[in-house]
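Inspection log for the structure reproduced underneath, given as structure tokens.
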Amino acid sequence: MGAMMHTRGRRALVPGCLAAAVVSASGCSGVQSALAPAGREAERIASLFWWMTGASFVIWLFVVSLAVYYARRSRAEKNRRRDQWLIFGGGVVFPGVTLTLLLIYGLALIPPTVERAPEGSLQVAVTGEQWWWRVRYIRPEGEQIVLANEIRIPVGEPTQLRLDSDNVIHSFWVPSLAGKMDMIPGRVTWLTMRPTATGIFRGACAEYCGTSHALMAFYVEVMEPAAFEQWLDHQARPAVAMTDPDGLRGGELFQSNGCGACHTVRGTPAAGVIGPDLTHVGGRLSVGAGILENEPARLRDWLASTDHLKPGVHMPAFGMLPAADLAAMAAYLHGLQ
């Protein structure tokens, strides 16, 4: 009875592993998955992963089959010469050839994956801060459009990213669009994105960089070229003047509480460069570098409990202000569309 159950267990091993692989693969999707590629570079990386997974499974299956065969074989069936060839061929030659072919295939993918974008492509400079992202669009005439914690790029066109850091090592990674690239103080690194589908994709810092490393995210929105150009033109303009009472009062509180010493809001006296540019913060996808939804209630939470929501952050919390003042400042920031 025990032998029968053992045999059934062996027979169920391969189907069970295949079922587990299918279930695992079905969960490998979403806005931050390297196995749901939406860019040329990400497609190459995903292809390499699946080839490596398939080859590894074949090697595993072959070796396990040999082990099962010898475990079940009777002593009378022994053939020393044949056994030596099976062990050498299945344990050395077959895995060696398979892994060598995978190595050649993987090395061949490197040049097109790290290739720089053609001259005249969209240029975006990203600086890793603690713990947020400073983003600058560099137009051909030299104009720089500054924003933070969000990147938007046109579909079907290459974008050249210039990456650096002025504090510690970060690593820029948007799994669905491209590979990861380190951002090293004192050095400039480059990453090219060639998106193939529109949508919103999540990125993150992939190198431990301090207390709030896990809270250093951002979003990349891939847009149709015409919509992207319209959006970028809007980002280059100064903030629209507030007209509603809450927004007007919130703007006054923003200035009187010293927020303009660290943040820029173009078109107003606020001209600080320490923190993120907030000129159009109300139109962004998130608050606090990808950790909160961009809505007035979450903006109020951020202002009141900055150090709680993102430990170690350099921005002070304003929880000592009356709730009405915090609500007015949140309304002002959300109105900066």
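The values are calculated or read from the model by the stated rules, or taken from the named source; none is laboratory data. Owing to the predicted nature of the structure, the values given are computational and were not obtained by experimental measurement. Here Cβ is always computed from backbone atoms with ideal geometry, including for glycine, and neighbour counts include all displayed protein chains. Note: areas computed on protein heavy atoms with side chains; ligands, DNA, RNA excluded. Shrake-Rupley method; radii C 1.70, N 1.55, O 1.52, S 1.80 Å.
Hey, what D do you get for the range 41-81 in µm²/s if you plug the Kirkwood alpha-carbon radius into Stokes-Einstein at 10 °C and 1.306 mPa s? Could the numbers behind the result be given before it?
Values: Rh = 12.6 Å.
The calculation lands on 126 µm²/s.
May I ask what percent, to the nearest 5, of DSSP beta bridges between residues of the chain are antiparallel?
Numbers: 31 of 44 bridges.
For the chain, the DSSP antiparallel bridge percentage is about 70.
Roll a 1.4 angstrom probe over the protein heavy atoms and tell me the percent of accessible area of the chain that is carbon or sulfur.
Details: 11080 of 17590 Å².
Whole-percent figure for carbon plus sulfur exposure: 63.
Along the charge dipole of the range 106-224, Cβ charges K/R +1 and D/E -1, which of ALA108, PHE172, VAL222 sits furthest on the positive end?
Value: ALA108.
How many nm separate the modelled label positions at THR243 and ALA324, each set 7 Å beyond the Cα in the direction of the Cβ?
Modelled inter-label distance: 2.5 nm.
For the chain, with only Lys/Arg (+1) and Asp/Glu (-1) charged at the beta-carbon, what is the dipole magnitude about the Cα centre, in debye rounded to 20? Display every interim value, and only then the final one.
Details: 29 positive and 28 negative charges, 523 e Å.
Rounded to the nearest 20 debye, it is 2520 debye.
Give the accessible surface of the chain per residue, rounded to a whole number of Å², with probe radius 1.4 Å and ligands, DNA and RNA excluded. Present the calculation step by step, with values, prior to reporting the outcome.
Numbers: 17590 Å² over 337 residues.
For the chain, the solvent-accessible area averages 52 Å² per residue.
Per residue, what volume in Å³ does the Cα convex hull of the range 149-247 take up? Please list the in-between numbers first.
Values: hull volume 14.4 nm³, N = 99.
Normalising the Cα hull of the range 149-247 by residue number yields 145 Å³.
About the Cα centre of the range 66-115, how large is the charge dipole given +1 on each Lys and Arg Cβ and -1 on each Asp and Glu Cβ? Please answer in debye to the nearest 20.
Numbers: 7 positive and 3 negative charges, 131 e Å.
That gives a dipole near 620 debye.
Would you mind checking the range 69-112 for residues with the amide N under 16 Å from a putative spin-label position 7 Å along Cα→C-beta of MET52?
98-111
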